[in-house]
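Reviewing the structure listed below.
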Amino acid sequence: MIKKADRLNSVSEYYFSKKLREVDQLIQQGKPVINIAIGSPDLNPSKEVIDALHEAMVLPKVNQYQSYKGIPALRESMANFYQNFYEVALNSNEEILPLMGSKEGIMQISLAFLNKGNQVLIPNPGYPTYTSVTNLVEAKPLFYNLNEEENWLPNFNEIEKNDLSNVKLMWINYPHMPTGATATLKNFEKIISFAKKHQILVVNDNPYSFILNENPLSILQVDGAKEIAIELNSLSKSFNMAGWRVGMVVGNSEFMNTILQVKSNMDSGMFLGIQKGAIAALNLSNNWFNELNATYLRRREILWKIFDLLDCVYQKEAVGLFVWGKLPSEIKCENFTDQLLYENNIFITPGTVFGSNGEGYIRASLCVSEAILEEVLQRLIEAKK
């Protein structure tokens, strides 16, 4: 009998992979389930992006392998994007590595820098993939607490009570998923100072900075950040290209070359048509974000009404693709979301998906139409009668 690898003993199937099967079964049974749990943009990419993809289909050699580092024009567009929107100067040949989605970057970064037994600072609550990848590469998660009272920002006094001598990597994610909290430049400066003090590579996972956020920031805006930090970014949320799988990791050339050692052994380059579409996206003006966010603003107003009906407390200053709400005290979030699913046919995310500090919270997505959100609202109004 062929047994699975031991490393899988520390990793469970992704929550949404498992739960969506259950949701599909309920739908097959005739249940009118509405899914407001997932952050997969339902809106289309811009016309310019789709046209660029179509035009690329007849280019010479479009069917062939592409460079592991992407075509020069893609890296140049990424560099210009960082300059124009974050005021961060990047060398397009040395400091940018395109990725097939930033999620794959989490694995490649971990493989590139972590040895077995190294520790990794991971936010609680935070994106579950940080933990699962850390376990897969046989490193050890060291969770640091985030809480509402401190605006979901790291408490370095608390973190430094741990022995940090074996910590090699720290994941941060601002704007934060799932809470929508933002970091200021001063917050980033504190993170860089902490990282330099303990010689820990910081990775800021930054896919949400243009969604309902008036002040997009990069951690690389901090003086000296390139010495100790790298940043993941993505076109999935900002340009509605989640299924196209386009992202990037940026930072100093030494870090990029180290990651490339892994990446070049894991893929054979990104499809040229998608690279051309990504270039078109990155060259869009601010009008694109203004129109996108106008839609999300309308949706969020309805979602706030939904959370009011659920007796949740939420922060109107939060940004990103989700609303994060605190349930009335003593209510377990998974019990609450299962009740919503089974009694009201509404699928919403329990906060514990993102760590123990997510207990007592729920998360809902803006990636559904106003009409669908209005239907959710009406169901809850009827249930209250």
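The values are calculated or read from the model by the stated rules, or taken from the named source; none is laboratory data. Since we're looking at a predicted model, the values are computed, not measured. Counting neighbours? That spans all protein chains shown, and the Cβs are built from the backbone with ideal geometry, glycine included. Ligands, DNA and RNA are stripped out before the accessible areas are found, and what is left, the full protein with its side chains, is counted by its heavy atoms. Shrake-Rupley method; radii C 1.70, N 1.55, O 1.52, S 1.80 Å.
Quick check for you: which residues of the stretch 159-185 have the amide N under 14 Å from the point 7 Å beyond the Cα of K140 toward its beta carbon? Of the residues in the stretch 159-185, 162-169 have backbone N under 14 Å from the label point off K140. Scanning the chain for chymotrypsin sites (Phe, Trp or Tyr not before Pro) lying in DSSP loops with no more than 14 further Cβ atoms inside 10 Å, the longest uninterrupted stretch between such sites is 66-385. Dividing the helix sum by the residues of the chain, where each DSSP H run of 4 or more adds -39500 (n - 2.57), gives a mean residue ellipticity at 222 nm of -12500 deg cm²/dmol. Here are some values of Kirkwood radius over Cα pairs in Å: (i) 21.2; (ii) 23.5; (iii) 21.9. Which one was computed from this structure? Of the labelled values, this structure produces (iii). A 1.4 Å probe over all protein chains sorts D163, D42 by accessible area into D163, D42, starting with the largest.
The order of K3, K332 by accessible area, most exposed first and with a 1.4 Å probe, is K3, K332. Of all aspartates and glutamates in the structure, those lying under 19 Å Cα to Cα from K69, and not within fewer than 8 positions of it along the same chain, are E94, E95, E104, E231, E254, D267.
Lysine pair count for the stretch 229-336 with Cα-Cα distance under 22 Å and sequence separation of 8 or more or different chains is 7. Shown for the stretch 121-178: the carbon plus sulfur share of the solvent-accessible area, taken with all protein chains present and a 1.4 angstrom probe, equals 44%. Our estimate of slack between S369 and E382, defined as 0.36 nm per intervening residue step minus the Cα-Cα distance, is 2.7 nm. With the cut-off at under 20 Å, measuring from each backbone N in the stretch 82-126 to a point 7 Å along the Cα-to-Cβ line of S40 picks out 100-106. If you run the Gaussian network model on the chain, springs between alpha carbon atoms under 10 Å, then out of G243, G251, G273 the most flexible one is G243. Computed over neighbours whose Cβ is under 12 Å from that of N166, the net charge equals +2, Lys and Arg +1, Asp and Glu -1. Heavy-atom surface analysis with a 1.4 Å probe gives the stretch 1-103 a carbon and sulfur content of 50 percent of its accessible area. For the stretch 1-60, lysine pairs with C-alpha atoms less than 23 angstrom apart, excluding pairs fewer than eight positions apart on the same chain, total 5.
Taking 13 Å as the straight-line reach from the Cα of K186, the aspartates and glutamates in range (excluding those fewer than 8 positions away in the same chain) are D223. At an R0 of 45 angstrom, the distance between the Cβ atoms of N80 and M1 translates into a FRET efficiency of 0.25. Using a probe of 1.4 angstrom and keeping all protein chains present, the accessible surface of the stretch 203-341 works out to 39 square angstrom per residue.
On a per residue basis, the stretch 34-163 carries 48 Å² of accessible surface, using protein heavy atoms and a 1.4 Å probe. Expressed as a whole percentage, what fraction of the accessible surface of the stretch 222-376 belongs to carbon and sulfur atoms when a 1.4 Å probe is rolled over the protein heavy atoms? It is 46 percent, rounded to a whole number. Figure legend: label point modelled 7 angstrom from the Cα of T295 along Cα→Cβ; residues of the stretch 29-43 with amide N under 12 Å from it are 41-43.
When the chain is treated as a GNM with alpha-carbon contacts under 10 Å, the residue of E301, E334, E94 showing the greatest mean-square fluctuation is E301. A simple spin-label model places pseudo-atoms 7 Å from Cα toward Cβ; at N9 and N287 they are separated by 5.9 nm.
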